[in-house]
Each structure stands twice: as C-alpha cells, then as structure tokens.
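The values are calculated or read from the model by the stated rules, or taken from the named source; none is laboratory data. What you see is a predicted model, and the numbers here were worked out from it, not measured in a lab. Neighbour counts run over all protein chains shown; Cβ positions are idealised from the backbone, glycine included.
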Amino acid sequence: MPDANIVPIGPSKAARLVGNTGPQPSAPIARRARRASTPAIDPERIPGEVWTDDEIPDTEEGWLDFARRRLSGDYRVDDFGFDPELTDKVLLALLRPLYRSWFRVETTGLENVPSQGASLIVANHSGVIALDSAMAQLALHDEHPAHRHLRMLGANLVFQTPFMAEIARKAGHTLACHPDAERLLAAGELVGVWPEGFKGVGKPFSQRYKLQRFGRGGFVAAALRTRSPIVPTAIVGAEETYPMIGNARTVARILGLPYFPITPTFPWLGPLGMVPLPSKWLIHFGEPIPTDDYPEGSADDPMVVFNLTDQVREQIQQSLYRLLVKRPSAFG
Amino acid sequence: MGRTVLVTGVSRYLGGRMAALLAADPDIGSVIGVDVVAPELTIPGIEFVRADIRNPVIAKVMGEAAVDTVVHMGVIATPRQAGGRSTMKEINVIGTMQLLAACQRTPGVRSLVVKSTAAVYGSGPKDPAKFTEDMEPKHAPSSGWAKDSVEVETYVRGFARRRPDVSVTTLRFANFIGPTVQTALTSYFTLPVVPTVLGFDPRLQFVHEDDGLEAIRAAVHSPHQGTFNIAGDGVIMLSQAIHRAGRPTIGVLGPLFPMVGRALSPRGLADFSQESVRHLTYGRALDTRAMRRVLEFEPEHTTEEAFVSFLAGAHREGRDVA
C-alpha cells in the first residue's frame, strides 16, 4: 500500500504539529502525521476495566481520613487489581527518597513518552532485585508532565511469591502474557517490559551493561497488534546497586529461585548487605519506534518481529553506551 | 402453545428460584422441576418430579412431557450439600451424563442451558488478568467442584457435537453472591475471624444472584450456541471485601491456611479445599464482552454492588456482619 494514499482531509492536529497545513502534504509528512496519532482506544472497553490516567480520581484529604477510608475498604481498583491511590500515596512515596537522594536519578527523553495513549516502554534489566523497574515507574509518574502510571509486565515468579504478588498487582502490574499486554495497550496504557527477564537481573557483574537475549519478542508482537509505539529505554546505575560476584546455585535451587546472589556485602553482612550501593543513575527514554506503518498481520510474521526486536535491542544498547560515557563515575 | 422447560436441581436455592422465575414468565408454557429430594417450600407454578437424574427415569419424564428446553443447574458445589464427596461427584458427573443421554434420546429438545462455573479456569500465578471463553486454563483444576465442572463441560460439548440441532449454552458464572444466597464464600465472609493467605490479596469477582438468574433466563429466551462468562463488572480485592464487611482478619502462612480455615469454621459451609484455597490465593477475573455482545445480557449489579447487597442482606438477617 503506497504511503501517498494517506492524505489527511483538512489540517489534522498531527499535520499542524509538523508545521504543514497545505492541502497535499508529501508522503513522508503524511507518514509522520500518522505516527504522531495515538492508537485507537478499544471501543468495547468498559469504563474502569483498565484505569487510564485521566480516570483516576484526585482526592484532597488528610492522612487520617485516608487511613480511615482505606480500613473501611472504601476505594476502587481496576480489573487488574491496580490501586492508584495506594500506589501514589504509599508505594511511590516509599520509593521517592531512594530515587531522589540515594540514587540521584536523572531522567532524560521524557518528551519521547506520549502524554496520552498507548506506548510500550522497553528497557534493560539489571541489579539482582528489579529496582530499575520501580525507578522507571517513579520517573514517569513524577517527572513526566502527564504523571503517567507505568503498567509493567512481570514474570510469573512475581505473582507466586508472597507479598511481591500482592504489591505488584496493586501497583498496576500484571503477568507478561499476550492477552494482558494487548488488553492494557488497547486501553491506551503506558506498558513497561523488561524482555531480558531473569537473565538480565541475575547476570554477573562482569557482564554489566551487556544486553542479554530479548526473550521471544512477544512484546513486539503485542505492540504491532495494537499499533502502539515502542520507546526503547536505557537505565544506567542499577548494575552497581548489587554487584553480583557469585551465584549460589544450590541455595537457589532449594529456595526455588532463578539465582541466589552473592555480592561483596550479601550475605556476609546479613540484612545490612541488602542495602543497595548508592550508585548514580541515569534513565533515558529513547526516540519512539512506530509500529503503525507495518501491514496488517505483521505480528504473525516472525521475520518482522525478530527484526523489530533487534532494532529495539540495538537502540537500547547504543543508548546505554552513550549514558555510560556521560556518567562521570559509577557513584559520582 | 408455550414452551416446556425442565429445570434440574430445583430443591436447592438457586434452582428453586430459577424454576419459579421461569414459571412466572408468560412466554413459557410449563416448567417441570426435577431433583432427588422434594423442595422445602412448594415452588408456585411448577410441576415437581422427584427423580434422580442419575437414573434413566429422567428420559421418560422428558419424553412424556414433551420438554423442549433443559436448564441444568444440578451441579453441586460442596460435599456438605450432597452428603459426601463421592455422592457429590456421582450427582455432578454421572447425573449430567444421564441427563445428556436423556436429552439425546428426546427429539423434541431444542435447547440446553448449563450452569457452569468460572472455577473451570482454575487459579494460579500464570493466569492472565482476565479469562476469555476461548482460553485454556493455565492451572487446570485437579479436585472438587471445579474438576467436576470441567468434566461436566466436556460431556456437554460431546452432546453438542452429537446433537447439532440442539442449541447448547454453557454459562460460566463468577461466584454468586447477594442478600439471600448461601455459598461457601458467603459463609467464609461471615466467619468470626476471616483468615487470608499471608502475602496475597486476590481479585474476586461476583455475580449478583438476581443477575445470575436473569442471565439463565436470557439464555432460555434466545438460545445462543456457545460458552459465556457471566460476572458483574469490576473486581474487589479480598482484603477490601473483608474491610467492607468490617470483619477482623488474620493472615496465615500459605501451607497452614487450610488447617486454620477449617479450625475457624468447624461446621460452616466455608470451603478450604485445594481449589478454593487457590482461588483465595491467586483470585480470578472474567472477560464478559461475549456476554454483552452475543448474549446481549447486561448485569444490573457490579461486583462491588453485589457484595454490598450481600452485606446488607446478612445484616438484615442478623448474621452479625457490620
């Protein structure tokens, strides 16, 4: 299908954005205009099924009223179990000191994350426990002008581990599977994936900032199917929080974990060894990769999916190198 | 001439109400209620036949009365209602097989509506946030009511293949709740102290008892071949539900949960079997688009409203819920 066919009738919002209101925009401009448009919201959506950011109620009340209301069960969650009130007032508030004072996170490229509509944030994963995902969520909530909530896709281990399961659901996250990814994207949510999974968080310190294999590219298929742009994101700093110098495989097997980390401080210093090292963090949201140019059915074409996965991976790796050069030192 | 509907399981609460609801429906000629025991109260407008659906007598009843629609509500949820697990399994599975055999032999049967349960999807950490009807369970149920229901659905599918002229509708319901219905979950929420699995807060979904019965009626009125999830919109977290009920709660380590649960509910209907424990650990939610689009059924109550109406009903009855 030639791109020249797509000529917006009248000056569309997107065409104005690229500074062209003429009657016949050239093909590349028409394509860019189409990229700028947000994917259509699922027409069959039930309001409240998936909470989009503008549907979240804003309340001004004291802590005491808040606590009283919470204890009487007077609040709402969406169908994924996302509890925006608890997330904003408690979970993110607990992470904020870590973000601001401990890791001194600097976030760039927020303009690449749309203020509304679906988008898939794909980032590197590291640092033994997935602090990087929590920091990315806080970055998008605190620093993005639209204060967006990041809905992450996690491994099933997350949802079978006590407490983690409970917190993950309430913070808006869900299992990494096609139906959930597509349901969230179709509802216009900002979805986060860490396609390296445990290979990324559990890799030895010597492998730091080397991207691992990117799963099976399921996230790309979900983005293609919902025509959501992919935002390749690089996170620098998490690798040094818990430098993993060894892996106690036997202990891991007994505990049913994918790995059991040995760091310079853990388990030697006991609970003190669980304090992350105060590394300096940089997060960069890269230029979005549009997925709405691909023909219908591309999500089922493995070659398209592989190539797009590689493109995302390459972009994140390059971005990581650039950030590492920018950072004065690991703890600077 | 109106239609003749046969309803199984009429001596239990929902079956009885369903039969009465259909009997009051002007579009339906006559309603025949079947169960092993007679209902405690006579159901107005229905003809009760005391017959065991585990017994071929049912075929004779159906032939003589020229039944054209069968509503199967005879699957029992807890062993206590049946008097033991082996009887329960027999009523559920063998009973369904006999009923289907009778339907197959009765040429006049035009439609079959089966009340099934969302428990057939199982519960576990690998579950998607919402189940659609075409999804296979990730953690297939291995015991109890849920497994019986899986087997029942299998036989129903077999019947649908053998009698393609019959419209077969399977309705997978979220847990029934409301001011009057009593289930394992309503007993659980009225325990003096409600135990929960430590570190887990499952999403629960309910269907209001009136909505559930209306859904069956909708399926009787305009038969649609296929399987449909039926649930009130939205979910409620277990902790939230317990807080709403104003009950004290205690978090119990996963492996000890069934034991503590049974100790807290020695004679109650509350169920701490394996499947039920998994449900109270991992939760479950249903996608109900097909219910709206194909069945064109819209429940009047959301999950939350259904739960609130249960609390109001329990309060009226003095069941000691705030």
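If we scan segment A:312-331, do we find a residue that is at pLDDT 90 or above, over 21 Å from A:Phe214 (Cβ atoms) and surrounded by 14 or more Cβ atoms within 10 Å (Cβ to Cβ)? Yes, some residue in segment A:312-331 is at pLDDT 90 or above, over 21 Å from A:Phe214 (Cβ atoms) and surrounded by 14 or more Cβ atoms within 10 Å (Cβ to Cβ). Quickly run through segment A:87-110 and pick out the residues that are part of a helix (DSSP H, G or I), more than 19 Å from the chain's Cα centre (by Cα) and touching a residue at least 12 places away in the same chain (Cβ under 8 Å). Result: A:Lys89, A:Trp102.
Does B:Thr87 satisfy the condition of being of a type in the set (Ser, Thr, Tyr), closer than 22 Å to B:Gly33 by Cα and assigned to a helix (DSSP H, G or I)? Here the answer is yes, as B:Thr87 does meet what is asked.
Evaluate segment A:94-106: report whether one residue or more is modelled with pLDDT under 90 and of a type in the set (Asp, Glu).
Initial filter on segment A:94-106 (modelled with pLDDT under 90): none.
So far as segment A:94-106 goes, no, none of its residues is modelled with pLDDT under 90 and of a type in the set (Asp, Glu).
Just one of (1) assigned by TED's automatic domain parsing to the domain that holds A:Val236; (2) more than 15 Å from A:Ala168 (Cβ to Cβ) fails for A:Leu94. It is (2).
Mind checking which helices (runs of 4 or more DSSP H) fall wholly inside segment B:189-300 and carry at least 1 residues that are away from chain A (no Cβ under 14 Å) and surrounded by fewer than 22 Cβ atoms within 10 Å (Cβ to Cβ)? Please lay out each step first, then the result.
Values: elements: B:209-221, B:238-245, B:257-264, B:274-282, B:289-293.
Qualifying helices (runs of 4 or more DSSP H): B:209-221, B:257-264, B:274-282.
Remark: pairs (first residue in segment A:180-194, farther than 17 Å from A:Phe285 by Cβ and not assigned by TED's automatic domain parsing to the domain that holds A:Gly286; second residue small (Gly, Ala, Ser) and surrounded by fewer than 24 Cβ atoms within 10 Å (Cβ to Cβ); Cβ separation under 8 Å; 6+ apart in sequence or on different chains) are absent.
Going through segment A:160-173 one residue at a time, which ones are of a type outside the set (Lys, Arg) and closer than 24 Å to A:Ala118 by Cα?
If the condition is that a residue be of a type outside the set (Lys, Arg) and closer than 24 Å to A:Ala118 by Cα, then A:Ile167, A:Ala168, A:Ala171, A:Gly172, A:His173 are the ones that fit.
Screening the candidates B:Val67, B:Val75 for the property of being in a loop (DSSP other than H, G, I, E, B), within 25 Å of B:Phe176 (Cβ to Cβ) and touching a residue at least 40 places away in the same chain (Cβ under 8 Å) yields one hit, B:Val75. When every residue of segment A:50-62 is checked against the conditions, none turns out to be at the interface with chain B (Cβ under 8 Å from one of its Cβ atoms), crowded, with 18+ Cβ neighbours inside 10 Å and at pLDDT below 85. When residues in segment B:98-129 are screened for being under 14 Å from B:Ser149 (Cβ atoms) and either more than 17 Å from the chain's Cα centre (by Cα) or aliphatic (A, V, I, L, M) (or both), 4 of them pass.
In this structure, is A:Thr233 within 17 Å of the chain's Cα centre (by Cα) and within 14 Å of another protein chain (Cβ to nearest Cβ)?
Working: within 17 Å of the chain's Cα centre (by Cα): yes; within 14 Å of another protein chain (Cβ to nearest Cβ): no.
So A:Thr233 fails the test.
Of all residue pairs spaced 6 or more apart or on separate chains, those with beta-carbon atoms under 7 Å, a first member in segment B:260-274 that is touching a residue at least 12 places away in the same chain (Cβ under 8 Å) and a second member that is of a type in the set (Lys, Arg) and part of a helix (DSSP H, G or I) are B:Leu269/B:Arg80; B:Phe272/B:Arg262. Against the numbered list (1) at pLDDT 90 or above; (2) farther than 15 Å from B:Phe200 by Cα, A:Lys170 comes up short only at (2). Could you list all residues from segment A:173-215 that are of a type in the set (Lys, Arg) and more than 12 Å from chain B (Cβ to nearest Cβ)? Across segment A:173-215, the qualifying residues are A:Lys199, A:Lys203, A:Arg208, A:Lys210, A:Arg213.
Restricting A:Leu110, A:Leu91, A:Leu120 to those that are farther than 27 Å from A:Val220 by Cα and either buried (at least 18 other Cβ atoms within 10 Å of the Cβ) or modelled with pLDDT of 85 or more (or both) reduces the list to A:Leu91. If I filter segment B:123-168 down to residues being out of contact with any Pro (no Cβ under 6 Å at 6 or more places or on another chain) and part of a strand (DSSP E or B), which single residue comes out as farthest from the other protein chains (Cβ to nearest Cβ)? Of everything passing the filter in segment B:123-168, B:Val168 is farthest from the other protein chains (Cβ to nearest Cβ).
Checked against (1) closer than 30 Å to A:Leu153 by Cβ; (2) part of a loop (DSSP other than H, G, I, E, B), B:Val109 passes all but condition (1).
Run down A:Leu140, A:Leu157 and say which single residue is at pLDDT below 90 and either in a helix (DSSP H, G or I) or within 14 Å of chain B (Cβ to nearest Cβ) (or both). Full working, then the answer.
Numbers: A:Leu140 fails: at pLDDT below 90.
Selected residue: A:Leu157, the only one of A:Leu140, A:Leu157 that is at pLDDT below 90 and either in a helix (DSSP H, G or I) or within 14 Å of chain B (Cβ to nearest Cβ) (or both).
Restricted to segment A:67-86, and to residues that are under 18 Å from B:Asp233 (Cα atoms) and over 20 Å from the mean Cα position of the chain (by Cα), which residue is nearest to the other protein chains (Cβ to nearest Cβ)? Once the filter is applied, the top-ranked residue is A:Gly73.
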